[in-house]
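The values are calculated or read from the model by the stated rules, or taken from the named source; none is laboratory data. Bear in mind the structure is a predicted one, so any value in this text is a computation, not a measurement. When we count neighbours, we look across all protein chains shown, and the Cβ atoms used for this are built from the backbone with ideal geometry, even at glycine.
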C-alpha cells in the first residue's frame with residue numbers, strides 16, 4: 001500500500017512539474033502580426049503595395065513538452081505567413097467614419113461606418129483573454145494555460161464558416177481578411193490598432209440593411225429584440241426555422257460559444273408584424289480543436305462541459321446547448337429540427353464543403369483543410385440524429401430563471417425571462 005501511494009505521489013509530482021515547465025516553454029519575445037522576413041514595420045511603405053505577407057502571431061510557438069501537455073491545436077496556422085489585403089480607412093468604401101471601440105473579453109474591435117450608413121466592424125484576429133484569467137490562477141502562475149488556449153481557436157475559421165453559411169441560407173457577417181497599417185485615420189488609436197490583422201465584416205446590429213433580404217427595417221442585437229418584444233408582444237416574432245437551422249449549423253462546424261451576445265436579428269416587416277431573422281456573428285470558435293494532456297482533462301464533460309472539441313462526431317451534445325436555446329426554441333416541434341437537419345444534409349454536399357475550405361489562405365489550407373474536411377463530412381451524416389437529440393435534451397432543459405447571458409441590464413417581467421413567447425397568461 002505504501003509503495004502504491006509513493007508511486008502515485010511521485011507521478012503527481014512529475015505531472016505538476018511537467019505542467020509548470022510547459023507553461024514556461026514559450027517564446028521569449030512573442031509578436032503579433034509578424035511581417036515575412038521583415039519585423040520592422042517602419043521600413044515598409046504600405047501605400048505602395050496592395051497586399052502583404054504576414055503571420056498572425058508567434059506567441060503560440062512552443063517546444064515538444066508544451067505541445068504534449070497543452071496541445072498541438074492550430075499553432076502552425078497562427079504562425080504561418082498568409083497574404084492579406086492592405087486597407088486604408090480614409091479611402092475604404094469612399095471613406096469611413098469612426099463609430100466606437102468595441103470587442104468582448106478576448107477580441108479588440110473598431111466599429112466604423114461607410115458613407116451610405118452601413119456599420120462594419122474590424123475584429124482582431126489576435127485575441128487577449130487576460131480578462132478571463134481569475135486572480136487565483138494568476139497567483140498560481142498558471143495563467144499561460146488560459147492565454148495559450150487561444151491556439152485551439154482557428155485564426156481563419158470564420159472564412160469557410162461564412163461560405164458554408166451562405167450555402168444554407170444562414171445570414172452571416174461576410175468576413176474579409178485585411179491588414180490595417182498605421183495610418184493618419186487612426187490618429188491616437190494607431191498604437192493599439194495599427195499594423196494588425198483583422199476581419200472586416202458587417203456589424204450584426206445597425207440601422208442600414210446589408211443582408212440582401214427584402215423589407216428589413218432594422219438590424220438589432222438580442223437585447224433590443226427582447227425589449228421590442230416587451231413593447232409590442234403580439235407583433236414581434238422570430239423565424240424559428242431559421243434559428244433552428246443556424247443552431248444546427250453551429251453543431252456542424254463545432255462552434256460551441258453561441259450565447260445571446262453572439263447573435264444579431266434582421267427585423268423584417270410582414271404586415272403589422274416584425275419577424276426577427278437570426279444573424280450568426282463571431283465565429284472565433286468554428287472548428288475549435290483540443291488535444292494535449294491538460295486541455296483533454298479540462299474539457300471532460302464533468303469539468304468544462306461547454307468546451308467541446310471539433311471531432312468526427314459530437315461527443316457530448318448537452319454541453320453545446322445554452323439557456324439561449326431553451327429561451328427561444330424549447331417549444332419548437334421536433335419536426336422543424338428534423339426538416340432543417342435534412343435541409344442542411346442536402347445542401348452541404350462534398351463539393352460545397354471542399355469549396356468552402358478553399359476560402360482559407362492557401363498556406364492554411366495546406367495545413368488544416370484535409371482534417372477539417374473529413375470531420376465535416378462525418379458530422380454531416382449524423383445531422384438528423386443530432387437534431388433529434390438536440391430536441392430531446394431541450395425538452396428536459398428548464399426554462400431560464402435569469403436574463404440571458406449579457407442581458408442583465410434589461411428590466412423584464414418574469415414571463416419574458418422564461419422564454420421569448422411566454423405570455424403573461426402562461427405564467
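Find the residue count for the range 257-293, including only residues that are more than 19 Å from residue 159 (Cβ to Cβ), in contact (Cβ under 8 Å) with a residue 60 or more places away in the chain and part of a loop (DSSP other than H, G, I, E, B). Residues meeting the conditions: 4.
Comparison of 363, 370 shows that the only residue that is part of a helix (DSSP H, G or I), modelled with pLDDT of 95 or more and touching a strand residue (DSSP E or B) at 6+ places or on another chain (Cβ under 6 Å) is 363. Of everything listed in (1) exposed (fewer than 14 other Cβ atoms within 10 Å of the Cβ); (2) in contact with a strand residue (DSSP E or B) (Cβ under 7 Å, 6 or more places away or on another chain), the single unmet condition for residue 333 is (2). Every condition in (1) surrounded by fewer than 17 Cβ atoms within 10 Å (Cβ to Cβ); (2) under 29 Å from residue 387 (Cβ atoms); (3) touching a strand residue (DSSP E or B) at 6+ places or on another chain (Cβ under 8 Å) holds for residue 241 except the one numbered (3). Scanning the range 190-215 for residues that are at pLDDT 95 or above, within 19 Å of residue 114 (Cα to Cα) and outside any loop (DSSP other than H, G, I, E, B) yields 198, 199, 200, 201, 202. Determine, yes or no, whether residue 393 is at pLDDT 95 or above and out of contact with any helix residue (DSSP H, G or I) (no Cβ under 7 Å at 6 or more places or on another chain). Judged against the criteria, residue 393 is not a match.
Just wondering, is there one or more residues in the range 37-54 that are under 23 Å from residue 289 (Cβ atoms), in contact with a helix residue (DSSP H, G or I) (Cβ under 9 Å, 6 or more places away or on another chain) and at pLDDT 55 or above? No. Pull up the range 124-162, narrow it to residues that are surrounded by fewer than 18 Cβ atoms within 10 Å (Cβ to Cβ) and closer than 29 Å to residue 112 by Cα, then point me to the one that is modelled with the highest pLDDT. The selected residue is 128.
Suppose we filter 368, 409 for residues that are surrounded by fewer than 20 Cβ atoms within 10 Å (Cβ to Cβ), in contact with a helix residue (DSSP H, G or I) (Cβ under 8 Å, 6 or more places away or on another chain) and touching a residue at least 24 places away in the same chain (Cβ under 8 Å); which single one remains?
409
Is it true that some residue in the range 341-352 is touching a strand residue (DSSP E or B) at 6+ places or on another chain (Cβ under 8 Å), touching a residue at least 40 places away in the same chain (Cβ under 8 Å), part of a helix (DSSP H, G or I) and surrounded by 17 or more Cβ atoms within 10 Å (Cβ to Cβ)? Scanning the range 341-352 turns up no residue that is touching a strand residue (DSSP E or B) at 6+ places or on another chain (Cβ under 8 Å), touching a residue at least 40 places away in the same chain (Cβ under 8 Å), part of a helix (DSSP H, G or I) and surrounded by 17 or more Cβ atoms within 10 Å (Cβ to Cβ). Kindly indicate whether residue 214 is surrounded by fewer than 18 Cβ atoms within 10 Å (Cβ to Cβ) and free of Cβ contacts under 8 Å to residues at least 12 places away in the same chain. In short, no. Residues considered: 328, 288, 310. Of these, the only one that is over 24 Å from residue 367 (Cα atoms) and surrounded by 21 or more Cβ atoms within 10 Å (Cβ to Cβ) is 328. Restricting attention to the range 44-90, the residues that are under 22 Å from the mean Cα position of the chain (by Cα), part of a loop (DSSP other than H, G, I, E, B) and within 19 Å of residue 179 (Cα to Cα) add up to 3. Selection of the range 145-174 for residues being within 26 Å of residue 92 (Cβ to Cβ) and without any contact (Cβ under 8 Å) to a residue 40 or more places away in the chain yields 166, 174.
Of all the criteria given as (1) modelled with pLDDT of 95 or more; (2) in a loop (DSSP other than H, G, I, E, B); (3) over 20 Å from residue 255 (Cα atoms), the one not satisfied by residue 116 is (1). Within the option set 177, 228, being touching a strand residue (DSSP E or B) at 6+ places or on another chain (Cβ under 6 Å), free of Cβ contacts under 8 Å to residues at least 60 places away in the same chain and either under 26 Å from residue 351 (Cα atoms) or not in a loop (DSSP other than H, G, I, E, B) (or both) holds for one residue only, 228.
Table: residues versus (1) touching a strand residue (DSSP E or B) at 6+ places or on another chain (Cβ under 7 Å); (2) buried (at least 16 other Cβ atoms within 10 Å of the Cβ); (3) more than 22 Å from residue 188 (Cβ to Cβ).
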residue: 47; (1), (2), (3): no, no, no
residue: 58; (1), (2), (3): yes, yes, yes
residue: 63; (1), (2), (3): no, no, yes
residue: 83; (1), (2), (3): yes, no, yes
residue: 100; (1), (2), (3): yes, no, no
residue: 111; (1), (2), (3): yes, yes, no
residue: 120; (1), (2), (3): yes, yes, no
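Condition (residue is buried (at least 24 other Cβ atoms within 10 Å of the Cβ), touching a strand residue (DSSP E or B) at 6+ places or on another chain (Cβ under 7 Å) and either at pLDDT 95 or above or outside any loop (DSSP other than H, G, I, E, B) (or both)) applied to the range 245-253: is it met by at least one residue? No - not one qualifying residue is present in the range 245-253.
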